[in-house]
Every structure is written in C-alpha cells, then in structure tokens.
Amino acid sequence: MKRMLQEKLFQKYPALYSRPEDTLMRFGFETHDGWYELIDAVSDIITRRCPDAHARQVKEKFGGLRFYYGGGDAYCYGAARLAEELSYSICEACGAPGSVYNNGGWVSTKCAEHAKDRNLDNIETDYEIEVTPVYGLGPGWSRLILILEKAESDYAKIDGRPPARFLVAVKNGKLKVSYSGGNEETAGRVDLINRYAGRIDQHTGRVLDDL
Ligand SMILES: [Zn+2]
C-alpha cells in the first residue's frame, strides 16, 4: 500500500496500530491500495469497540485480506472476519467490485478492468458473487447484503443457532441494516457493512471520491 495511505491509517488508529515494531506490522500494510477503505472501515469499527485490540499483521494472501490482531471480543471478531470475506469481492487495485482470478496458482482479486490489464480476463474466476439487486438497493450495496447474509448463515450453522434476520433500509441516502436474533459477531458484521456501504456508490460499488 502507498506510504501516504499507510501513514493515514497509523495516524487515525494509533491504539490499534500502536506496536508496529513488536509485530509484523513493521512491514506495514502488505496489500494494494484498493482495500484501503475496507481496512479503514474495519479499523474504525474495531477501535471504537475494542480499544485494547492491536493489529499484528495486515496483508493479502491467496487473493484475500488477512487481518490478524490481538485482544478484542466477539464483536470485533465478527467485523474482522467479514472484512476478510468482503475482500474477495473488492478489486485489490482500485476498490471496485471484483472477482478472484487464479492464474496458475497466482491468485488475486481484481475488477474486470484490472483483470484485463493483467491478461486475466480469460481465466475462470474462483469466486464471483452473482448480484441480483435485493431490498430495492443498487447492485453495489446489494452485493454487501448478500455477503453479509451468507456469512451470517454460515456462522449460524457452525454455532447451531438460527441466523439473524436482517432489516434493510435507506435513510438520508445511507444504508441502515439492523437485525434481530444473531449474536455479538452479527453486531460486528452489521456495523462493518453499514460503515463500508457509506464509502461506496450503491449502484457501481466503486469507492466514492469525495471522502
Ligand atoms: Zn480495479
């Protein structure tokens, strides 16, 4: 990630990124710039809820974000795991909606344009979300909801509990997801979605420029 963006994250979240020398954070954020807004959103969510949490390593692996940290609680865990899950649908170069391309073992997440730049456009993607607009939202936000619902359903199965029910609304142009049922991890997931949705265009899914 560009030095300037890395410095911004270190400055905005001094507690979360307070021990770079003692951890693999000394190598900085080992991702491209496209996930900046996602990392910013999850850092914000975790810092507000868990001031004791500290990042150990933030990097890209096999096309996805890895957000390793110490401390925190179930809420932070829910947000961090969902950020990792979301990264598989976000171009690592520019933040536009993307898919995972596997080029003979070299795996990366790219939008259609960046896949074309790298001649990946003829390669089958490993992970692509079919976006059917839901709740009357544009495809950019619908994609977030679909990933949220899938994550909640997967974790509920593991926990042996019924999945949370989501209520999706738009208020003053902002996505407001609320829920009933679920657990603290669900709360972390929902807050991350609401936060990240504010940073992308609800139709194109691209990062908003005027931040
Ligand atoms: Zn891109």
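The values are calculated or read from the model by the stated rules, or taken from the named source; none is laboratory data. Computed from a prediction, not measured in an experiment: that's the story for all the values here. Cβ sites come from the backbone with ideal geometry, for glycine too, and all protein chains shown count toward neighbours. All accessible areas refer to the heavy atoms of the entire protein, side chains included, with ligands and DNA or RNA removed. Shrake-Rupley method; radii C 1.70, N 1.55, O 1.52, S 1.80 Å.
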Checklist entry - Cα-Cα over 30 Å: which of 12/174; 12/61; 61/174? => result 61/174
Checklist entry - Name the residues of segment 173-199 whose amide N is less than 18 Å from a point 7 angstrom out from the Cα of residue 52 along the C-beta direction? => result 184-185
Checklist entry - Where only protein heavy atoms count, and the probe is 1.4 Å, what is the accessible area per residue for segment 3-197 in Å²? => result 48
Item to check | Shape call, segment 90-203: gyration tensor on alpha carbons, a/c limit 1.5 | outcome: oblate
Next on the checklist: Compute the distance from the alpha-carbon center of segment 7-32 to that of segment 88-122, in whole Å.
Outcome noted: 26
Checklist entry - Once Rh is set to the Kirkwood radius over Cα pairs, what Stokes-Einstein translational diffusion coefficient, in µm²/s, holds for segment 3-197 at a temperature of 10 °C and a viscosity of 1.306 mPa s? => result 92
Checklist entry - At a Förster radius of 30 Å, what calculated FRET efficiency corresponds to the Cβ-Cβ distance of residue 119 and residue 26, to the nearest 0.05? => result 0.30
Checklist outcome for this item: Of every hundred units of 1.4 Å-probe accessible area on segment 3-197, the number belonging to carbon and sulfur atoms, as a percent, is 48
